[in-house]
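*Asks:* I have a structure I would like to understand better, so I am pasting it below and will then ask my questions one at a time.
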Amino acid sequence: STTRDIAKIIAIDVSPQALQKATELGATHTVLVPRLTSDTNEHAQAQAVQQQVKNLTPHQFGVDLSVDAAGFAPTCENAVHCTKPKGRMIQVGLPIGGSSSSSGSSSRLPNIPMGLVAGKELELVGSHGFSSDQDLAELLQWVAKKRIDPERLVERTVSLQEGAQAIQDMDHGSPLGMTIVTEFRSQKDIEYQEPATTKTRTSRL
């Protein structure tokens, strides 16, 4: 929250562990959302989440900037509703629908209220990757100046084989941090040793 002198950072998730991690990384407030079930009234839950967020903002107008990093229909819609007039909403996750979620989030496509977007004069921005010649340079400067610490985002390091399994495991739950492949050799390659060569020294008598 000190990187850009932001007064409040509100983290929203269905996982208490994820919210604890967000708090450790700088979130000032958290909102725990119950997981969706077949008995959940999705509309009523969405309104409750939006109100909780707005209650944390001045005059309950909403946030200046919202980011949907999950990419589910409810998270995308809530991000729009929680943004104050003339605010900005950034879509990072890909809300393409058609896949189930372990969190119970709906797999439908999001229903963006464009009337609300126009009426509140919201700015909707898509973000998918970054510019290597501009964004990366600024990011590395932040790291050098210790304004951010990427190491705190790393949950574990794995081998290439373990990394493939980690991707499959994401079908059943999201990790709390990044999983980074640091070992690209298989165990068989590691155990294999080049045969030792014998050097022959000759001498003249």
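The values are calculated or read from the model by the stated rules, or taken from the named source; none is laboratory data. Owing to the predicted nature of the structure, the values given are computational and were not obtained by experimental measurement. Here the Cβ positions follow ideal geometry from the backbone for every residue, glycine too, while neighbour counts run over all protein chains shown. To get the accessible areas, we keep the full protein, side chains included, count just its heavy atoms, and leave off ligands, DNA and RNA. Shrake-Rupley method; radii C 1.70, N 1.55, O 1.52, S 1.80 Å.
*Asks:* Tell me, yes or no, whether the stretch 47-65 has at least one residue that is closer than 20 Å to residue 94 by Cβ and either touching a residue at least 60 places away in the same chain (Cβ under 8 Å) or under 15 Å from the mean Cα position of the chain (by Cα) (or both).
*Replies:* There is no residue in the stretch 47-65 that is closer than 20 Å to residue 94 by Cβ and either touching a residue at least 60 places away in the same chain (Cβ under 8 Å) or under 15 Å from the mean Cα position of the chain (by Cα) (or both).
*Asks:* Still on this structure: Among the candidates 194, 123, 151, which residue alone is at pLDDT 80 or above and either over 20 Å from the mean Cα position of the chain (by Cα) or closer than 27 Å to residue 78 by Cβ (or both)? Don't jump to the end; show me each part of the working.
*Replies:* Numbers: 194 fails: at pLDDT 80 or above; 151 fails: either over 20 Å from the mean Cα position of the chain (by Cα) or closer than 27 Å to residue 78 by Cβ (or both).
None of the other options fit; the residue is 123.
*Asks:* Can you find a residue that is over 19 Å from the mean Cα position of the chain (by Cα), part of a loop (DSSP other than H, G, I, E, B) and surrounded by fewer than 16 Cβ atoms within 10 Å (Cβ to Cβ) anywhere in the stretch 91-99?
*Replies:* Looking only at the stretch 91-99, we keep the residues that are over 19 Å from the mean Cα position of the chain (by Cα), and these are 98.
From what's left, part of a loop (DSSP other than H, G, I, E, B): 98.
Retained after the next criterion (residues that are surrounded by fewer than 16 Cβ atoms within 10 Å (Cβ to Cβ)): 98.
There is at least one residue in the stretch 91-99 that is over 19 Å from the mean Cα position of the chain (by Cα), part of a loop (DSSP other than H, G, I, E, B) and surrounded by fewer than 16 Cβ atoms within 10 Å (Cβ to Cβ).
*Asks:* Further, regarding this structure: Is it the case that residue 121 is in contact (Cβ under 8 Å) with a residue 24 or more places away in the chain, acidic (Asp, Glu) and open to solvent by 70 Å² or more (accessible area, probe 1.4 Å)?
*Replies:* On the way: in contact (Cβ under 8 Å) with a residue 24 or more places away in the chain: yes; acidic (Asp, Glu): yes; open to solvent by 70 Å² or more (accessible area, probe 1.4 Å): yes.
For residue 121, the condition - in contact (Cβ under 8 Å) with a residue 24 or more places away in the chain, acidic (Asp, Glu) and open to solvent by 70 Å² or more (accessible area, probe 1.4 Å) - is met.
*Asks:* Let me ask another. If you take the residues of the stretch 9-33 that are touching a helix residue (DSSP H, G or I) at 6+ places or on another chain (Cβ under 7 Å) and more than 13 Å from residue 70 (Cβ to Cβ), which of them is most open to solvent (accessible area, probe 1.4 Å)?
*Replies:* Looking at the filtered set, the residue picked out is 32.
*Asks:* So residue 171 ticks every box in (1) over 19 Å from the mean Cα position of the chain (by Cα); (2) farther than 22 Å from residue 43 by Cβ but one. Which box is left unticked?
*Replies:* Here residue 171 meets the rest and fails (1).
*Asks:* Quick one: in the stretch 141-181, of everything that is open to solvent by 100 Å² or more (accessible area, probe 1.4 Å) and out of contact with any Ser or Thr (no Cβ under 8 Å at 6 or more places or on another chain), which residue is nearest to residue 69 (Cα to Cα)?
*Replies:* Applying the filter and picking the extreme gives 170.
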